[in-house]
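Asks: Submitted below is the structure of interest, expressed as structure tokens.
The values are calculated or read from the model by the stated rules, or taken from the named source; none is laboratory data. Because the structure is predicted, anything quoted here is derived from the model rather than measured. In this analysis, Cβ positions are derived from the backbone assuming ideal geometry, glycine residues included, and neighbour counts consider all displayed protein chains. Side chains included, ligands, DNA and RNA excluded: accessible areas come from the protein's heavy atoms. Shrake-Rupley method; radii C 1.70, N 1.55, O 1.52, S 1.80 Å.
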Amino acid sequence: MATVEQRNWAGNLAYGAERVATPASVDELADEVRTAADASTGIRALGTRHCFNRIADTDGLLVSTAGLPAEVAIDAERRVVRTSGGIRYGDLGSQLQHAGWALANLASLPHISIAGAIATGTHGSGDRVGTLSSAVAALELVTAAGERAVLRRGDPDFAGAVVGLGALGVITHVELDIVPTFDIAQTVYERLPMDAVLADLDAVTGAGYSVSMFHSWREPDVVDQAWVKRRADAPGPAPEELLGARAAVRKLDPLGAPDPEHCTEQLGVPGPWIDRLPHFKLGFTPSKGEELQAEFLVPRRHAAAALDAVRGHAASVAPLVYVTEVRTMAADDLWLSPAAGTDAVGIHFTCRQDQPAVEAMVRDLGELLAPFDARPHWGKLFDLAQSAPRMADLYPRWGDFAALRERYDPSGAFRNDFLARLGL
Ligand SMILES: Cc1cc2nc3c(=O)[nH]c(=O)nc-3n(C[C@H](O)[C@H](O)[C@H](O)COP(=O)(O)OP(=O)(O)OC[C@H]3O[C@@H](n4cnc5c(N)ncnc54)[C@H](O)[C@@H]3O)c2cc1C
């Protein structure tokens, strides 16, 4: 138990919690939750604190799952791994790799907890690969009553509960789909002409298993880098050129830092999925470190037009943004997923730590991208007042999720200001 000020990873917010509990067993966790709920104390689960907004915040009790035993049990027959919610992808991934298995995808960094990532619809990239949430096969929760609930894919509440925003209870364990391990070779292409990219987005995003495009907006008509992660068993070598852009001959940092030591290996050298799907290595600070992030996810059919709109806005974006990253993801049926019901494209912004200016820019981007049905990333900065009235249009199952939240947590123990302002 701790009472000291607790900050998120980026350091841009201090949690308002009176107490942080780190129970060592599920029984202890259930006692903590039940006692707090009985005393009408607000409760939120805490993962690895990588969200940039107050989604994880409460003025009551933060329950970290980091103290639960780190379980990893592979069921080769069912092709799932059962693991603790608080474990980081990097730690799970190295154990899977050791046993000859893999997850289909990872985010840009392996530092984040599984439960925290899936609760916010965290994603990597890949035209045919879903969000990290879409790999969930089962969830084990402790509800506000201190009771355990198990939800399996196909159960009526499952698709609503996975991207659950921490609103239904504390996830203690998950089952994730696994696949046989595979190798990836990463090639970075420099200086893609933006017009060619917009004319044939599929040519870029389909150039590998997982593709990310990075744009600093210093030259609005040039995409600085495209990171193409090809499966090592894909036919033929990586092409020398992509839409006229040449393959880099030295390792690069997506944010343009001169020393890319913290980045995963490139130059077409194959290696295990766990060392190539993220852009950043586990033992190092990912991304810039001192930064803020925002992201809008648009249905794939709107992607080129939405990107063109951002290009038209480059003059106001460029001074605040280190880099924009564009990634793709396959549709899923999870109610609050960024890819709910549609293939989606994420337009992400890694920004300087000037919160008032970035918040104003994000509000502008929210207006700019609203005609493209842009869904804000649940874990990054967005304007709650601007977004709240749009939720029911953006997510066809929004009303069902509100009812699900009410059913799992009738006393509102897991309800915080963030959820309330969204109307949940
Ligand atoms: C450097 C950096 C890079 C990033 N890269 C990506 C990226 O590539 N793709 C992407 O989509 N996002 C990315 N993100 C965002 C990140 O994935 C999300 O913010 C994610 O939610 C972080 O997980 P966490 O464990 O740190 O969550 P936290 O911030 O700790 O919590 C997030 C939410 O999950 C809930 N939660 C946490 N644990 C549990 C639990 N056990 N049970 C129930 N609810 C729980 C919390 O209550 C809260 O609502 C990045 C963030 C950073 C800082």
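Asks: What is the number of the single condition among (1) in a strand (DSSP E or B); (2) open to solvent by 30 Å² or more (accessible area, probe 1.4 Å) that Asp308 does not meet?
Replies: (1)
Asks: Determine which member of the set Ile171, Ile112, Ile118 is at pLDDT 95 or above, within 12 Å of the ligand (Cβ to nearest atom) and in contact with a His (Cβ under 8 Å, 6 or more places away or on another chain).
Replies: Ile112
Asks: Only one of these is touching a strand residue (DSSP E or B) at 6+ places or on another chain (Cβ under 9 Å), closer than 27 Å to Ser212 by Cβ, open to solvent by 60 Å² or more (accessible area, probe 1.4 Å) and at pLDDT 95 or above: Arg375, Arg363, Arg327, Arg352. Name it.
Replies: So the residue among Arg375, Arg363, Arg327, Arg352 that is touching a strand residue (DSSP E or B) at 6+ places or on another chain (Cβ under 9 Å), closer than 27 Å to Ser212 by Cβ, open to solvent by 60 Å² or more (accessible area, probe 1.4 Å) and at pLDDT 95 or above is Arg352.
Asks: Which of the residues belonging to the range 6-27 are open to solvent by 70 Å² or more (accessible area, probe 1.4 Å) and under 25 Å from the mean Cα position of the chain (by Cα)?
Replies: Arg7, Trp9, Thr22
Asks: Still on this model: Give, as residue ranges, the strands (runs of 3 or more DSSP E) completely inside the range 55-121 that count at least 3 residues that are touching an Asp or Glu at 6+ places or on another chain (Cβ under 7 Å).
Replies: Per the criteria, 80-84.
Asks: Can you tell me how many residues in the range 225-279 are in a loop (DSSP other than H, G, I, E, B) and open to solvent by 40 Å² or more (accessible area, probe 1.4 Å)?
Replies: Number of matching residues: 20.
Asks: Something else now. Within the range 42-63, track down each residue that is open to solvent by 30 Å² or more (accessible area, probe 1.4 Å) and among the acidic types (Asp, Glu).
Replies: Of everything in the range 42-63, just one residue is open to solvent by 30 Å² or more (accessible area, probe 1.4 Å) and among the acidic types (Asp, Glu), namely Asp59.
Asks: Just to be sure before I move on: is Val163 open to solvent by less than 10 Å² (accessible area, probe 1.4 Å) and either within 11 Å of the ligand (Cβ to nearest atom) or touching an Asp or Glu at 6+ places or on another chain (Cβ under 6 Å) (or both) in the structure I sent?
Replies: yes
Asks: All but one of (1) within 9 Å of the ligand (Cβ to nearest atom); (2) farther than 17 Å from Ala344 by Cβ; (3) crowded, with 24+ Cβ neighbours inside 10 Å hold for Ser125; which doesn't?
Replies: (2)
Asks: Could you go through the range 130-141 and let me know if any residue there is within 14 Å of the ligand (Cβ to nearest atom), part of a loop (DSSP other than H, G, I, E, B) and open to solvent by less than 10 Å² (accessible area, probe 1.4 Å).
Replies: Checked the range 130-141: at least one residue is within 14 Å of the ligand (Cβ to nearest atom), part of a loop (DSSP other than H, G, I, E, B) and open to solvent by less than 10 Å² (accessible area, probe 1.4 Å).
Asks: Which count do you get for residues in the range 253-282 that are on the phi > 0 side of the Ramachandran plot and within 13 Å of the ligand (Cβ to nearest atom)?
Replies: 0
Asks: Sticking with this one: Among (1) touching a strand residue (DSSP E or B) at 6+ places or on another chain (Cβ under 8 Å); (2) surrounded by fewer than 21 Cβ atoms within 10 Å (Cβ to Cβ), which single condition is Thr205 missing?
Replies: With (1) touching a strand residue (DSSP E or B) at 6+ places or on another chain (Cβ under 8 Å); (2) surrounded by fewer than 21 Cβ atoms within 10 Å (Cβ to Cβ) applied to Thr205, the lone miss is (2).
Asks: Now a separate question. Out of the residues in the range 283-301 that are in a loop (DSSP other than H, G, I, E, B) and out of contact with any strand residue (DSSP E or B) (no Cβ under 8 Å at 6 or more places or on another chain), which is farthest from the ligand (Cβ to nearest atom)?
Replies: Here the residue is Gly283.
Asks: Hey, any hits in the range 59-71 for a residue that's touching a Leu at 6+ places or on another chain (Cβ under 9 Å), more than 21 Å from Phe418 (Cβ to Cβ) and within 10 Å of the ligand (Cβ to nearest atom)?
Replies: yes
Asks: Mind telling me which of the residues Leu424, Leu404 ends up being assigned to a helix (DSSP H, G or I) and either at negative phi or at pLDDT below 95 (or both)?
Replies: Leu404
Asks: Can you name the residue in the range 196-224 that is touching an Asp or Glu at 6+ places or on another chain (Cβ under 6 Å) and part of a loop (DSSP other than H, G, I, E, B) and is also nearest to Leu252 (Cα to Cα) among such residues?
Replies: Checked the range 196-224; the qualifying residue nearest to Leu252 (Cα to Cα) is Ser216.
Asks: So which pairs qualify, if the first residue must be in the range 37-51 and in a strand (DSSP E or B) and within 6 Å of the ligand (Cβ to nearest atom), the second must be open to solvent by less than 40 Å² (accessible area, probe 1.4 Å) and of a type in the set (Ser, Thr, Tyr), the Cβ gap must be under 7 Å, and the two must be at least 6 apart or on different chains?
Replies: Final answer for the pair search is Arg44/Thr58; Ala45/Thr65; Leu46/Ser64.
Asks: Does Ala30 count as farther than 14 Å from Leu419 by Cβ, crowded, with 22+ Cβ neighbours inside 10 Å, more than 11 Å from the ligand (Cβ to nearest atom) and outside the structural domain of Leu109 (by TED's automatic domain parsing)?
Replies: The answer is no for Ala30.
Asks: Between Ala14, Ala56, which is touching a strand residue (DSSP E or B) at 6+ places or on another chain (Cβ under 7 Å), of a type in the set (A, V, I, L, M) and without any contact (Cβ under 8 Å) to a residue 24 or more places away in the chain?
Replies: Result: Ala14 is the single residue among Ala14, Ala56 that is touching a strand residue (DSSP E or B) at 6+ places or on another chain (Cβ under 7 Å), of a type in the set (A, V, I, L, M) and without any contact (Cβ under 8 Å) to a residue 24 or more places away in the chain.
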